Amino acid sequence: MITGIGLDIVELSRIRRLDTKSPRFRTRILTHYEQAEYDRLTETRKVEYLAGRFAAKEAFSKAKGTGIGSECSFQDIEVRKDDKGKPTIYFRGIETGLVSITHSKEFAAAQVLLQTI
């Protein structure tokens, strides 16, 4: 049964500006696992990756119905890829939902579907 759907879109220029202004922005958004992946990327891909993770986490918090806050922080949510590159979303270490992340020249967007079996 579907328990929540969330969608978010963010401008790459906004994420680039926030990341350039303060490296703390990145550490607030990315978990240690995600930061390690981020560190292996080219400069161009870093902005797309960070924006995609930001959008995915915002979409997750919308699907959950909490928003980002004390019940659901950026650090509680993690996006991991399987061997084929398919992303999955985890909440506090437990696989929780399906996520799709996309990028264009100017935007990153993500959609999250939460379900129970």
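Before moving on, here are some points about what is shown:
- Accessible area (Å², 1.4 Å probe, nearest 10) - LEU114: 10
- Here the chain exposes an accessible surface that is 52 percent carbon and sulfur, computed with a 1.4 Å probe and the other protein chains kept in place.
- Helix-derived mean residue ellipticity, 222 nm - over the chain, DSSP H n ≥ 4, -39500 (n - 2.57), to 500: -12500 deg cm²/dmol
- Projected label points at ALA36 and ARG14, each 7 Å from Cα along the beta carbon direction, are separated by 3.1 nanometres.
- Using C-alpha pairs under 8 Å with a sequence gap of at least 6, the mean separation divided by the residue count of the chain gives a relative contact order of 39 percent.
- About the centre of its Cα atoms, the range 50-97 shows a dipole size close to 140 debye [charges on the beta carbon of Lys, Arg (+1) and Asp, Glu (-1) only; nearest 20 debye].
- Note on the range 73-117: with charges restricted to the Cβ of Lys and Arg (+1) and Asp and Glu (-1), its dipole about the Cα centre is near 100 debye.
- Using a probe of 1.4 angstrom and keeping all protein chains present, the accessible surface of the range 74-117 works out to 66 square angstrom per residue.
- Ranked order, GLU34, GLU95, GLU48 - accessible area, probe 1.4 Å, largest first: GLU95, GLU48, GLU34
- Area of ILE94 that stays accessible when all protein chains are in place (1.4 Å probe, Å², to 10): 110
- The length gained by stretching the chain between ASP82 and LYS21 to full extension, at 0.36 nm per residue less their Cα-Cα distance, is 18.7 nm.
- When each of LYS64/LYS84; LYS21/LYS46; LYS57/LYS86; LYS64/LYS86; LYS46/LYS86 is checked by Cα-Cα distance, pairs over 24 Å: LYS64/LYS84
- Estimated dipole of the range 6-117 in Debye, rounded to 20 [Cβ of Lys and Arg +1, of Asp and Glu -1, Cα centre]: 260
- Estimated Rh, the range 61-105: Kirkwood, alpha-carbon pairs, angstrom: 11.5
The values are calculated or read from the model by the stated rules, or taken from the named source; none is laboratory data. The shown structure was predicted, so the numbers you read here are calculated from the model rather than taken from an experiment. Don't worry about glycine lacking a Cβ; one is built from the backbone with ideal geometry, like all the others, and counts go over all protein chains shown. These area figures cover heavy atoms from the full protein model, side chains too; ligands, DNA and RNA do not enter into them. Shrake-Rupley method; radii C 1.70, N 1.55, O 1.52, S 1.80 Å.
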